[in-house]
Amino acid sequence: MADVAGRIGLEVPEDLRRHKGWLGHVAEWVLGADAGSKPAPDFEGIGVELKTVPIDAAGKPLESTYVCLATSTNLHDRTWETSLVRKKLAHVMWLPVVAQPGIPLAERRFARALIAELDPADEAILQSDWAEIVELIKLGMVEAITGSTGELLQLRPKAASGRVRVDGIGEDGFAVPTRPRAFYLRTHYTRQLFARHFALPSR
DNA sequence: GAGTGATCATAT
DNA sequence: ATATGATCACTC
């Protein structure tokens, strides 16, 4: 990481505690991602989303993956086919970083990348997870959704703090304050994907 | 140890 | 305020 960061003139932070997105930004910069902070795949022209993912020494992904915010405009009048979730996950370049605890950030290394199309069997499950979550939101039951809802795709709070509120749909259909939430891919999804492509243990 | 909910930084 | 990039940290 020290080598790659040095090439683009960046200092390597001591750790990621206050620089959680640092690795992702380094990868974007080095590879020339162009979507910036738009709600679109990183490489907009070719529709490829770039995701760095921490793995252990055995190649097993260690964290879930942010997909996109679940805002009202993001859900209104959308089907799975036209959803931002599907748009981002259709083609993903997974770039693993070996992040076994104890390895200093400067010494961490990228591992072999995987550029994958959305697998049809996975898509069927993602679509049903997405539909279930969106249905609950539209019914005003967003507070009933927890991180346990959904097999591969989940909905979790996403904000600078637990006190942030946005307009959500209440049980009576009127706007009520709720925490901002986002779609995430469960670690399990990436673990299975890597296991299939790299012949790794899936657990 | 796994997994959910909380949090941190930056751009527009 | 809404996006992006994620990992942290506490509970189970």
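A short reminder: the numbers here are calculations on the coordinates, not readings from a lab. Values in this document were obtained by computation on a predicted structure and should not be read as measured data. When we count neighbours, we look across all protein chains shown, and the Cβ atoms used for this are built from the backbone with ideal geometry, even at glycine.
Where Rh is the Kirkwood radius over the Cα pairs of chain A, the temperature 25 °C and the viscosity 0.890 mPa s, what D in µm²/s does Stokes-Einstein return? Don't skip to the answer; put the middle values down first.
Numbers: Rh = 18.1 Å.
Translational diffusion coefficient: 135 µm²/s.
Any of A:Lys38/A:Lys60; A:Lys20/A:Lys158; A:Lys38/A:Lys138 with alpha carbons more than 19 Å apart? Name them for me. With Cα atoms farther than 19 Å apart: A:Lys38/A:Lys60; A:Lys38/A:Lys138. Which of the GluC sites (Glu not before Pro) found in the stretch A:1-54 are loop residues per DSSP with 16 or fewer other Cβ atoms within 10 Å of their Cβ? Here the GluC sites (Glu not before Pro) that fit, given the DSSP loop and packing criteria, are A:Glu11, A:Glu14. The loop-placed GluC sites (Glu not before Pro) in the stretch A:52-115, going by DSSP, that have at most 15 neighbouring Cβ atoms within 10 Å of their Cβ come out as A:Glu63. Amide hydrogen proximity for A:Thr52: with H placed 1.01 Å from N in the peptide plane, the residues at 5 or more positions away or on another chain lying under 5 Å are A:Leu95.
In a shell of Cβ-Cβ distance under 15 Å around A:Val67, excluding A:Val67 itself, what net charge do Lys and Arg (+1) and Asp and Glu (-1) give? Spelling it out: positives minus negatives among the neighbours equals +3.
Here the Karplus curve 6.51 cos²θ - 1.76 cosθ + 1.60, taken at θ = phi - 60°, turns the phi angles of the stretch A:152-169 into couplings of 10, 10, 10, 10, 9, x, 8, 6, 6, 7, x, 8, 5, 10, 10, 6, x, 9 Hz, with x standing for Gly and Pro. What is the helix-to-structure angle for A:120-138, meaning the angle in degrees between its Cα long axis and the longest Cα principal axis of chain A, kept from 0 to 90 and rounded to the nearest 10? The angle comes out near 50 degrees.
With +1 on each Lys and Arg Cβ and -1 on each Asp and Glu Cβ, how big is the dipole of chain A about its Cα centre, in debye rounded to the nearest 20?
Working: 25 positive and 26 negative charges, 105 e Å.
Computed about the Cα centre, the dipole is about 500 debye.
Working note: Karplus 6.51/-1.76/1.60 with θ = phi - 60° gives the stretch A:79-90 the couplings 9, 3, 4, 9, 6, 5, 4, 5, 4, 6, 8, 4 Hz, where Gly and Pro are set to x.
Length available on full extension from A:Thr149 to A:Ile115: 0.36 nm per residue minus the Cα-Cα distance, which gives 9.5 nm. With θ taken as phi - 60° and the Karplus curve 6.51 cos²θ - 1.76 cosθ + 1.60 applied, the whole-hertz 3J(HN,Hα) list for the stretch A:63-69 is 9, 6, 10, 5, 10, 6, 5 Hz, x standing for glycine and proline.
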